[in-house]
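The values are calculated or read from the model by the stated rules, or taken from the named source; none is laboratory data. From a predicted model like this one, the values you see are computed outputs, not experimental measurements. Positions of Cβ are backbone-derived with ideal geometry, glycine not excepted, and every protein chain shown enters the neighbour counts.
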Amino acid sequence: MWLIFAILSAIFAALTSILAKIGIDGVNSNLATAIRTIVVVAMAWMMVFLTHAQDGISAISRKSWTFLILSGIATGASWLCYYKALQMGEASKVVPIDKLSVAITLILAFVFLHEQFTVKSLIGCILIAAGTLVMVI
């Protein structure tokens, strides 16, 4: 089931880039990010209430709160930079660079989460970086 959600995530992420590039024409990138964020927040809370997950708020640990907040800050910074880059550059060049996050995540997961970094992971990171370079040049 995770694979279906991962594929849907990729499809929606692709749509996000195209729709955003069209939508930010003549709009300040920070304002566009804020509008997008309001929609995301509304959708997320709608899912919380539809699935009755709101009862779990009180059970969230201090550590989880800290890291979820830090993750939110990182997401916000990523979105602000992404929208500015998308507004200034071509989607076909901005998006591949943004997807370098896959390779960076693998490296960070190895360093901070002590996940395995295999030869396959190394080759994948190199191919992602090489593919990004080919698409951007």
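Some points to look at:
- Test for Ser9: is it under 15 Å from Lys84 (Cβ atoms) and either hydroxyl-bearing (Ser, Thr, Tyr) or in contact with a Gly (Cβ under 6 Å, 6 or more places away or on another chain) (or both): no
- Residue count for the stretch 79-137, restricted to those that are in contact with an Asp or Glu (Cβ under 7 Å, 6 or more places away or on another chain) and within 21 Å of Ile18 (Cα to Cα): 1
Conditions (1) surrounded by 10 or more Cβ atoms within 10 Å (Cβ to Cβ); (2) among the aromatic types (Phe, Trp, Tyr); (3) in contact with a Leu (Cβ under 7 Å, 6 or more places away or on another chain), marked per residue:
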site: Phe5; (1), (2), (3): no, yes, no
site: Ser9; (1), (2), (3): yes, no, no
site: Leu19; (1), (2), (3): yes, no, no
site: Gly26; (1), (2), (3): no, no, no
site: Ser29; (1), (2), (3): yes, no, no
site: Ala32; (1), (2), (3): yes, no, no
site: Thr37; (1), (2), (3): yes, no, no
site: Trp45; (1), (2), (3): yes, yes, no
site: Thr51; (1), (2), (3): no, no, no
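- Breaking point among (1) among the aliphatic types (A, V, I, L, M); (2) surrounded by fewer than 10 Cβ atoms within 10 Å (Cβ to Cβ); (3) more than 30 Å from Phe112 (Cα to Cα), for Met1: (3)
- Filter result for Ala103 (assigned to a helix (DSSP H, G or I), of a type outside the set (Val, Ile, Thr), assigned by TED's automatic domain parsing to the domain that holds Ala14 and within 19 Å of the chain's Cα centre (by Cα)): no
- Scope the stretch 33-68; condition within 23 Å of Lys21 (Cβ to Cβ) and basic (Lys, Arg); matching residues: Arg36
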